[in-house]
């Protein structure tokens, strides 16, 4: 199509003398010829001893974000490329980004901010007339910084409505100022449009277009046969953990798809021979009635599937029947965010437990998971602001007693969270811009 020959922001401007039917016909013609690349960036800057985006290397699952967005623009020539699971030399990577009209990036974490910025610069160098669109949690918090770094459009928050509206506005010569949730540059000015309200009913979102993804490249390693994909049953988190960007990004809200809608997606994935799925919810089991009804439907349908996802430890303690039923329905691995085993520390970071939990409580929850045939991946954090050595020793001493595999991560202040805001306010030597990247020594700042 060559969108670079006709700047999409000004395409079909008010000065055009075409009649309305002619404009509409040409608009659809150009839309069908447009090339859009949905890009998970290649790891150009390597880190040691662990890979930059270690979780995606270790777990091996595809992102649901791009299939969801691709489903909002049916008929458009879209390509999905995952730079982690699709090995490509730099020459091939350069050729890939050189032949696109629009390149869409999604950035959730500071861990991959540097690699993403390198790719943005590479795109601008090789294909300066291509338009770069970015979304995700990191982009939502750092929208101005990403525009300053060369991104043409940043979508804050959810993209299912903003993204197709932006594409239509770019091609149709509409007013970008009317696209809610959009940030872009107009000359020397960065324009920040009003936020878009969250989607009220997630059942109204399009079903992800998994045909755009080569699912053969992914595996959660829970079984040897079948393909791997992702399943979203809820969005957001209603907890208020002060260290977590997810609750901040979703403003402490959580919305749920209906059981019928989830089963519809599950049926589609089963027909595609998907047998392993990551449930991308932040805390499955948080809506007991909906979640138990979903597990009942999975059991009733006798689905041949293995599931993996996040479950809170207090969910296991409060509803052991849900964990048991999850195991029967195919749940095989659970990621449990223990964070710290010091009760006072969990209270200070607003973990949200209704009562203080002790090591014996965690062992009880671990036993509930085990009896249900669920492997537990425990996540822990050390180095919280104000944390004393005894709290750290307690976590390190007992972490392997309450899970099958533990990961201990240093605390990292994340922009937009209460913890990082307090550090920025109280520490004169802490550069707020340093939070933009994943500086692995930052958690040891005060030590």
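Consider region 166-179 and keep the residues that are over 22 Å from residue 249 (Cα atoms) and out of contact with any strand residue (DSSP E or B) (no Cβ under 8 Å at 6 or more places or on another chain). The one that is surrounded by the fewest Cβ atoms within 10 Å (Cβ to Cβ) is 175.
Could you check, for region 341-349, whether at least one of its residues is in a helix (DSSP H, G or I) and within 18 Å of residue 319 (Cα to Cα)?
Looking through region 341-349, none of the residues is in a helix (DSSP H, G or I) and within 18 Å of residue 319 (Cα to Cα).
A single entry from 236, 187, 159 fulfils the requirement of being on the phi > 0 side of the Ramachandran plot and either touching a residue at least 24 places away in the same chain (Cβ under 8 Å) or in contact with a helix residue (DSSP H, G or I) (Cβ under 6 Å, 6 or more places away or on another chain) (or both): 236.
Would you be able to tell me the number of residues in region 321-337 that are more than 15 Å from residue 375 (Cα to Cα) and either touching a residue at least 40 places away in the same chain (Cβ under 8 Å) or crowded, with 18+ Cβ neighbours inside 10 Å (or both)?
Going residue by residue through region 321-337, those that are more than 15 Å from residue 375 (Cα to Cα) are 321-322.
Restricting the remaining residues to those that are either touching a residue at least 40 places away in the same chain (Cβ under 8 Å) or crowded, with 18+ Cβ neighbours inside 10 Å (or both) gives 322.
So the answer is 1.
For region 385-418, a tally of residues being in contact with a helix residue (DSSP H, G or I) (Cβ under 7 Å, 6 or more places away or on another chain), farther than 14 Å from residue 363 by Cα and in a loop (DSSP other than H, G, I, E, B) returns 9.
From the list 307, 294, the one residue that fits, being in the same structural domain as residue 331 (by TED's automatic domain parsing), in contact with a helix residue (DSSP H, G or I) (Cβ under 9 Å, 6 or more places away or on another chain) and under 15 Å from residue 332 (Cα atoms), is 307. Among the conditions (1) crowded, with 20+ Cβ neighbours inside 10 Å; (2) touching a strand residue (DSSP E or B) at 6+ places or on another chain (Cβ under 7 Å); (3) assigned to a helix (DSSP H, G or I), the only one that residue 133 does not satisfy is (3). Do we find that residue 68 is more than 26 Å from residue 148 (Cα to Cα) and surrounded by 18 or more Cβ atoms within 10 Å (Cβ to Cβ) in this structure? Yes, satisfied.
Go over the candidates 49, 74, 62 one by one and state the one that is in a loop (DSSP other than H, G, I, E, B) and at pLDDT below 90. So that I can check it myself, show each step before the final result.
Values: 74 fails: at pLDDT below 90; 62 fails: at pLDDT below 90.
Of the residues listed, the single one that is in a loop (DSSP other than H, G, I, E, B) and at pLDDT below 90 is 49.
Collect the residues in region 91-107 that are without any contact (Cβ under 8 Å) to a residue 40 or more places away in the chain and assigned to a helix (DSSP H, G or I), keeping them in residue-number order. If the condition is that a residue be without any contact (Cβ under 8 Å) to a residue 40 or more places away in the chain and assigned to a helix (DSSP H, G or I), then 91, 92, 94, 95, 98 are the ones that fit.
Of 362, 338, all but one fail to be within 21 Å of the chain's Cα centre (by Cα) and at negative phi; the exception is 338. Against the test of being surrounded by fewer than 21 Cβ atoms within 10 Å (Cβ to Cβ) and touching a strand residue (DSSP E or B) at 6+ places or on another chain (Cβ under 9 Å), the options 261, 235, 275 yield a single qualifying residue, 235.
Annotation: of all residues in region 129-156 being more than 29 Å from residue 254 (Cβ to Cβ) and free of Cβ contacts under 8 Å to residues at least 60 places away in the same chain, the one that is nearest to the chain's Cα centre (by Cα) is 132.
Would you mention how many residues in region 286-300 are at pLDDT 95 or above and not in a helix (DSSP H, G or I)? So that I can check it myself, show each step before the final result.
Let us first name the residues in region 286-300 that are at pLDDT 95 or above, namely 287-300.
Applying the additional criterion that residues be not in a helix (DSSP H, G or I) yields 287.
So the answer is 1.
Return the residues of region 301-340 that are in contact with a strand residue (DSSP E or B) (Cβ under 6 Å, 6 or more places away or on another chain), closer than 30 Å to residue 387 by Cα and not in a strand (DSSP E or B); say none if nothing qualifies. Correct list: 311, 313.
From 266, 294, 227, grab the single residue that is buried (at least 22 other Cβ atoms within 10 Å of the Cβ) and more than 17 Å from the chain's Cα centre (by Cα).
Working: 266 fails: buried (at least 22 other Cβ atoms within 10 Å of the Cβ); 227 fails: buried (at least 22 other Cβ atoms within 10 Å of the Cβ).
Of the residues listed, the single one that is buried (at least 22 other Cβ atoms within 10 Å of the Cβ) and more than 17 Å from the chain's Cα centre (by Cα) is 294.
State whether the residues of region 364-384 include one that is at pLDDT below 90, assigned to a loop (DSSP other than H, G, I, E, B), surrounded by fewer than 19 Cβ atoms within 10 Å (Cβ to Cβ) and in contact with a helix residue (DSSP H, G or I) (Cβ under 8 Å, 6 or more places away or on another chain). Yes.
Count, please, the residues in region 351-362 that happen to be part of a helix (DSSP H, G or I) and surrounded by 13 or more Cβ atoms within 10 Å (Cβ to Cβ). Break it down stepwise before answering.
Taking region 351-362 and keeping what is part of a helix (DSSP H, G or I), we get 359-362.
Keeping just the survivors that are surrounded by 13 or more Cβ atoms within 10 Å (Cβ to Cβ) gives 359, 361-362.
The qualifying residues number 3.
The values are calculated or read from the model by the stated rules, or taken from the named source; none is laboratory data. Everything quoted here is computed from the prediction, not taken from an experiment. Glycine also receives a Cβ, built like all others from the backbone with ideal geometry; neighbour counts cover every protein chain displayed.
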